[in-house]
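**Student:** First the structure, then my questions, so here it is.
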Amino acid sequence: MTERTRVLLVAHGAGLWITTVLTGWMYMFNLLGEIVLFPLIPAIDIQIPGEARAWNMAHLEGITNGLLLMGLAALAPLLELSERQHRALFWSSVITGWGFTLPAWANALAGTRGLAFDGGPFAGGLANNVIYLTGWPPVLAVHVVFALLLWGALRRLEALRVAGQG
């Protein structure tokens, strides 16, 4: 993977962390039922929609996926992959990171889960169905990420064995 591509993974990871900070504010204000930033801003009564569980999930998605992208950037030199496979790893990682994080935020705002079309055992509706359908690209992409990660590591191990280093 080129250095530029690795830096782009770190930048996407940082973007996910920035999203996580914003989500953390929403989570905190949801729990408090008001914006409280004393002594900077007086309390402002506001009701952030959604459940605390959903905001917690959205907050953790950004942290986890940001770390995933940054970790892959650090590990890329250890993987024995072709240029095409590295490109697939990059795009699959970006789709995974943003594709799991943004719908979690949308679920928190909409009061949905997005786990099943029409909601399954949870609330359904248009918002749920749109979030559910947008969840398919990252569901597929994450499997590509992990397959390429394992494939690249196994190929590197084999190359080290052949070179007498493993």
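**Student:** What helices does the chain hold that run 15 Å or longer along their axis, going by alpha-carbon atoms, with a Kyte-Doolittle average of 0.0 or more, using DSSP H for the helix calls?
**Tutor:** Both cut-offs are met by 3-32, 52-75, 83-110, 136-162.
**Student:** At a Förster radius of 25 Å, what calculated FRET efficiency corresponds to the Cβ-Cβ distance of Ala116 and His143, to the nearest 0.05? Working shown, then result.
**Tutor:** Working: r = 19 Å, r/R0 = 0.77.
After rounding to 0.05, the efficiency reads 0.85.
**Student:** With a cut-off of 8 Å between alpha carbons and a minimum separation of six or more residues, what is the relative contact order of region 3-162 in percent?
**Tutor:** 25
**Student:** Can you give the calculated 222 nm mean residue ellipticity of the chain, where each DSSP H run of n ≥ 4 adds -39,500 (n - 2.57) and the sum is split over every residue, rounded to the nearest 500 deg cm²/dmol?
**Tutor:** After summing the helix terms and dividing by the residues of the chain, the value is -25000 deg cm²/dmol.
**Student:** Given axes a ≥ b ≥ c from the Cα gyration tensor, I'd like to know whether region 3-162 is rounded (a/c under 1.5), prolate (a/b larger than b/c) or oblate.
**Tutor:** oblate
**Student:** Calculate, for Ala127 and Thr64, the FRET efficiency according to 1/(1 + (r/R0)^6) with r their C-beta to C-beta distance and R0 22 Å; round to the nearest 0.05.
**Tutor:** So the FRET efficiency works out to roughly 0.40.
**Student:** If the chain between Arg87 and Gln47 were fully stretched, how many nm would it gain, using 0.36 nm times the residue separation less the Cα-Cα distance?
**Tutor:** 10.1 nm
**Student:** With r as the distance between the Cβ atoms of Trp17 and Leu150 and R0 = 30 Å, compute the FRET efficiency 1/(1 + (r/R0)^6) and round to 0.05.
**Tutor:** In this case the efficiency is close to 0.70.
Since every read-out is calculated from the coordinates, none of them should be taken as a lab result. None of these values were measured; they are calculated from a predicted model. Cβ atoms come from the backbone with ideal geometry, glycine included; neighbour counts cover every protein chain shown.
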